[in-house]
Amino acid sequence: MAIWMSFLKRPSENYCPGISDYIRPAVGYEKCEECGGRVEFWSDEVEGVCLDCGAKFRKKEETPSCLEYCDYASVCKGIIMSRRRASR
């Protein structure tokens, strides 16, 4: 039995939801341990930078990703890399 998922459609349609943070990254903020400012973290990155003092931090809790265990991860990784190259 073959399983087909379209990776070219919008998230509201049939697609793999595990890569949404990589296709459409979202920003989040945490308090800087150095100066009390805001550290900006993007959902597709593991390191963030304080907007006030420039200190770098790793995320306290990394979001688990299906890219680590899914049988179709190689397909998704290819899509993510092609999107990143296209946006440069």
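Any read-out appearing in this document is the output of simple, stated calculations on the displayed coordinates, not a laboratory observation. In this text the structure is predicted, and so the values were computed from the model without any measurement. Note: ideal-geometry Cβ built from the backbone for every residue, glycine included; neighbour counts use all protein chains shown.
Read phi for every residue in segment 48-57 and hand back ³J(HN,Hα) as whole Hz from Karplus 6.51 cos²θ - 1.76 cosθ + 1.60, θ = phi - 60°, with x for Gly and Pro.
Working through the residues one at a time gives x, 10, 5, 6, 9, 10, x, 5, 9, 9 Hz.
In whole angstrom, and with the biggest value first, how far do the Cα coordinates of segment 17-86 range along each principal axis?
42, 26, 16
Trypsin sites (Lys or Arg not before Pro), restricted to segment 16-78: which are DSSP loop and have at most 10 other Cβ atoms within 10 Å?
Loop-located and lightly packed - Lys60.
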